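Scroll down for the structure; my scribbles are underneath it.
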Amino acid sequence: MPEVLEKKIKHAKGAESPELPKKESSLEEDMAEFDLMLEDSKTDLDEFVSSGLPMAEIIASEMEGEVDQETKTALAELNKQAELARQILADSLVGKIRLKSADLLKKYLPGSKLTSLAEEKNAEIVSKITAERLHEFLSVDLRVAGLDYKDADKALEYFEKHKDLLVGEDRKKLEIEVLEAVKIHEQRKAEALSEKTVEELRKFLEFDYLKHDYKDAEQAADYFEKHKDLLVGDDRENLEKEVLEAIRIRKLRESGLSTEKIVEELEELLKEDDGDCKQVAKAVDYFLKFKDQIADEKRQSIEERIFNALKYHLINVAGFYHDETEGLLENALTEYKNIPNEFLKDKDISGIGAHIYSKMTRGAVDSEKIMAAFDGNLDLLASGSKYQNSYDYFSSKDKIRIVEETYKKRGASEYIAKYTAEDFEDQDFEKVLKPLFESYKKHNNRAILSQMGIMKDMYDSMPLDERDQLNGSLIQYNSNEVFAKFDELNLSEFHKAYLIDRLMSDQNYKVLHSEDNLKKLGANKDEIFAKLLNYDAANLFANREAFKPSSEQNRLLLEKATSSPEKLEKTLSAMKSLSSSTELTEEELKIFKKIVKKDAPYLIHKFRTIFKEEFKEQEEFFKELPSGLFENGLEGFIRQAVNYPGGWEKNAERIKALVIEAGEHKVTNEYFEQLESSGLKLPNRVLGKIKENIKKTEQKNLFDYFKYALNKNATLEQVQREAQQGLEATTNNADYFKAVYPSVLKEILAAGRFKTQFETHSSNGTLNPRYRAEQENKMFNYVVDENKGETVRPNYGYMSDNENGIVGSFDENNVHSKVSRYGNIHVKFKKEQVADRTTVTFDDSLSPADENPPTPSIKPHFSSLGKRHDPRLIKQASKPQDWGANYLEAQFHWPLRTSLIESIHISEKNSMSKEVMLEVEEMVNEYNGKNANNIIKIVVY
Amino acid sequence: MNKYDKPIAKLGKRILIAKESDISKIGTEEAMEVLVEQWDMETKKLEGEFKLEQLLKFNPWEDLTDPNEIKEILIKLNKFKDGGEQNREMKMR
């Protein structure tokens, strides 16, 4: 390349520099033109100035004190741009005038001093114009289409011709630029040539593949040898391999084909997984061509081997991950289409259909492509029983084709059930619909029910005895659907009675709760009532109006519906869910209440609307309570407390005391006071939110604390204080950690701080961080927009009282760390520096964030526990399994810098190889070498 | 969601890939139920199924968007799965 360029440059250098264009004109004409130009230039400049381009400076000074800093900056910028524009215009005008002046001087006053002076100046201007022209060549395509430089040759030519006009830096700069451009352009041309050569060579290799035994392999090799210099990049290496492979196969053929050799070649073909079935298709071709030469005993197993590869390949390509890889399935189907029926005819490739269908529903491949690929084997498509809905993606015409072919080959099967009447319009009744119906009769009665609209004519024309037989079978398996299609079916009296029996045994009682339905079924109301009484008294009671029961029937029904508290609960539920119109008589209500008071007080609260119970004593108590309690949102809790099943009757006084105590929030108020003086260094907005969440959660969980205190005969204060003290002791005895992978540690040490996923997420990605941003907003008041405040969001870690930060089960030899999914290096932080800026939850904080709010680690609030965990079980931060959690989570606020790291803890016991441990040690030592004031200890445990 | 919006995240040599059935839950109220497979691309091993939101919370996973990179990873993963997957597919039949 450089030689060629140098040649060109040398040649260009030899050429004469062109002279400036001469103009044959008179002095008068020249002067007139000159005057005109001067006039024009003045006008242009005047117009420019008077055009009132933003006199931003003036505006800015006039508005001083009235505009904000942002506006001022914008005005200043505008002013700068306007000034620049004016300067460029002025320069250009002056340039033109100078050039003209120099021309005129040279023409009319050759040899004068003035001429040589003007020419000197002129040279600069000419150089500038030349450089601009060159840039035009070089930059137009550069700007528009990337580094194409297709005009680079022209640029070089222009440069060579005009380079003598370039003065000073212009020449050197331009020369480099032009040569660079030519180089890139040449490179591109070479690549294109290489591509063409590869294409040519492939023709030798592919055209005669298999059928002609690579007879052109030698020619391909010749061609390769001759043209290999034209190949650039990977092309040369890849082609060489391909050619050598062709020669290898050619030689193999020449030496005669034994079974072993055929197998060897087939294996060669099959081992390539090119993702589009091409290799398998080649193997099929190869097999068909040479199968007669394969020893009999081996033929079948080889055929199976190829067939399995084909089957697996299609399934795989349509499988779990492949739907996202563009075109793979389509390409595979194109190749599949070319596989001769001769090979496929006796094969069972059912199962493929299911996978193909699943892709159709996701739009990874369209029905036309599938129809084309499976042409002649359409019955295989019916194999996807799991994906019946996929049939909807086929046109009616295609569906019929699949049906027809399926019948021809296999008879109808249960999987073809998703047709609509329109699909069968204009179709051959005898050929399509009748066989379908016959097959349904035989195999799948349910399909007839779902297709009654289509099948009715055939159903009606069936011989009576045959239809009766079918009806019996339909009822036996599909009572509910038969009832839904009752009007379309001709059921005998016998079968109507049978249908009622089946509806009962299938527990479809509700359809029998209607007078109209009973009439339709020709049922005896009293008989049905008697049966339902035994099977479904609860719903019958709620619906008894439909049966207009006699007083004796009603008595029996009441007895059944209330025979136990459980039965009563069912009855009450039925009444509630059916919005029953059944009115309870006073007598009935009394019976209900009696049962409830005696055995099931829990039902009072649940079915209060039905009982219309007046809780007089409780209402009295409400009146005694200070109104402030209700205003503070405690009304719900108080009602729950006073209605606590069985509570009021036994412990009214204790309940009253607990309710009043709940309104005082003694422990939490004291907690807030202590928090003020604890020296916490949390951002104010975070601390404010934490307090708000504590109040909310405490209120939300108050009933649970209440129940606990009531049952333990304790006060709320005792219960809460005990929890509070336990949690504080646990966190104060623990250290602060984070688990990271070696690759992450490397990044951290290089960046000087821990990053969060908010910093690495991509706004057009799919791992939407919105949920976490929302939770962080709920927990800490961090901004809900996930694209803001990325660098100041909390970092997540955990606490452990194990010196090496292990959490979970472990002994001397084994570590089953519950934080291992986050990394196998445990980073310990300087407790004295992070404790006051960290919050904790006693389980994962995200599930959901407002049920167990994070509170400061140096003073965790009992509400951080949420409802799930028992505070008495929380003793050691390293053993979260004791209280049923995964870890005691820590949320570090403010950027988490490497200067806060005290040590890193690594071990072979924690899934880390010796090599990786060494790498980590080196990494940390390197960091320590650069940060003498902040040495990170390495602890190997 | 287009073909290349398969949610994949990268952290060093590790890859997270969301379970097909859970993809629609990402970023919603049900986000905590989203499970992902964590693969070590170096050792070609599946390290387990974890909750996506928890993993993202603790580490700066990089959200991949380049369709070519995603395609490449999907194909690699599929190869890792080859053995087990093939058996599973055959059984399904």
Cα centroid separation - region A:878-941 against region A:296-313, whole Å: 54 Å
Karplus 3J(HN,Hα) series, Hz, for region A:258-271 with 6.51 cos²θ - 1.76 cosθ + 1.60 (x for Gly, Pro): 8, 3, 4, 5, 4, 4, 4, 5, 4, 4, 4, 5, 6, 6
Residue-averaged beta-carbon neighbours from other chains (10 angstrom radius) around A:835-845: 1
Percentage, to the nearest whole number, of Cα pairs in region A:825-906 over 21 Å apart: 32 percent
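Peptide A:768-774: average number of partner chain Cβ atoms within 10 Å per residue?
Working: counts 7, 8, 4, 12, 6, 1, 3.
That average works out to 6.
Taking the mean number of other Cβ atoms within 10 Å as a proxy for protection, how do you rank A:876-882, A:309-315, A:702-708, A:886-892 from highest to lowest? Show your work: numbers first, answer last.
On the way: A:876-882: 20.3, A:309-315: 22.0, A:702-708: 18.0, A:886-892: 24.1.
In descending order of packing, they fall as A:886-892, A:309-315, A:876-882, A:702-708.
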Links that overshoot a 20 Å alpha carbon limit, given the list A:Lys738/A:Lys818; A:Lys828/A:Lys867; B:Lys19/B:Lys71; A:Lys818/A:Lys875; A:Lys788/B:Lys71: A:Lys828/A:Lys867; A:Lys788/B:Lys71
Shielding by partners - mean other protein chain Cβ count within 10 Å, residues of A:755-761: 6
Theoretical FRET efficiency, 1/(1+(r/R0)^6), r = Cβ-Cβ of A:Lys707 and A:Val784, R0 41 Å, to 0.05: 0.70
Label point distance in nm, A:Ser551-A:Glu728, each placed 7 Å from Cα along Cα→Cβ: 7.2 nm
Extension reserve of the A:Arg248-A:Asp68 stretch, reckoned as 0.36 nm per residue once the Cα distance is removed: 56.8 nm
Integer Hz, Karplus 6.51/-1.76/1.60 couplings in order for region A:478-490, x for Gly and Pro: 9, 3, 5, 5, 4, 5, 5, 9, 3, 5, 8, 9, 9
Whole-Å semi-axes of region A:434-522's equivalent ellipsoid (Cα gyration tensor): 23, 13, 12
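Distance check, please: which entries in A:Lys656/A:Lys695; A:Lys707/B:Lys25; A:Lys859/A:Lys909; A:Lys189/A:Lys251; A:Lys369/A:Lys434; A:Lys456/A:Lys548 exceed 31 angstrom between their Cα atoms? Provide the component values of the computation, followed by the final result.
Details: A:Lys656/A:Lys695 22 Å; A:Lys707/B:Lys25 36 Å; A:Lys859/A:Lys909 34 Å; A:Lys189/A:Lys251 36 Å; A:Lys369/A:Lys434 29 Å; A:Lys456/A:Lys548 37 Å.
Long pairs (Cα-Cα over 31 Å): A:Lys707/B:Lys25; A:Lys859/A:Lys909; A:Lys189/A:Lys251; A:Lys456/A:Lys548.
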Computed over region A:480-573, Cα set: Rg, Dmax in Å: 13.8, 44
For peptides B:59-68, B:8-17, A:730-739, sequence by mean Cβ density within 10 Å, most packed first: A:730-739, B:8-17, B:59-68
Long-range amide H partners of A:Ser857 with built H, under 5 Å: A:Thr838, A:Thr839, A:Val840
Estimated inter-spin distance, A:Asp366 and A:Glu919, nm [label 7 Å along Cα→Cβ]: 4.8 nm
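Over all pairs of distinct alpha carbons, what does the Kirkwood formula give as the hydrodynamic radius of region A:677-822, in Å?
Numbers: mean 1/r = 0.0530 Å⁻¹.
Radius from the Kirkwood sum: 18.9 Å.
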Fraction in percent of alpha-carbon pairs per bin - 5 Å, region A:762-809: 5, 18, 22, 16, 10, 12, 12, 5, 0
Whole-Hz couplings from phi, Karplus 6.51/-1.76/1.60, listed for region A:723-735; x for Gly and Pro: 4, 4, 5, x, 5, 4, 4, 5, 6, 5, 8, 10, 10
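On a full-extension model of 0.36 nm per residue, what is the gain between A:Ala484 and A:Ile176, subtracting their alpha-carbon distance, rounded to one decimal in nm? Intermediate results must be reported in sequence, preceding the final value.
Values: separation 308, 0.36 × 308 = 110.88 nm, distance 8.63 nm.
Computed gain between A:Ala484 and A:Ile176 is 102.2 nm.
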5 Å binning of all Cα-Cα separations within region A:856-897, expressed as whole percents from 0 upward: 5, 20, 28, 26, 10, 7, 4, 0
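Every read-out reported here was derived from the displayed coordinates using simple, explicitly stated rules and does not represent laboratory data. None of the values given here were measured: they were computed from a predicted structure. Because the Cβ atoms are built from the backbone with ideal geometry, glycine has one as well, and the counts that use them run over all protein chains shown.
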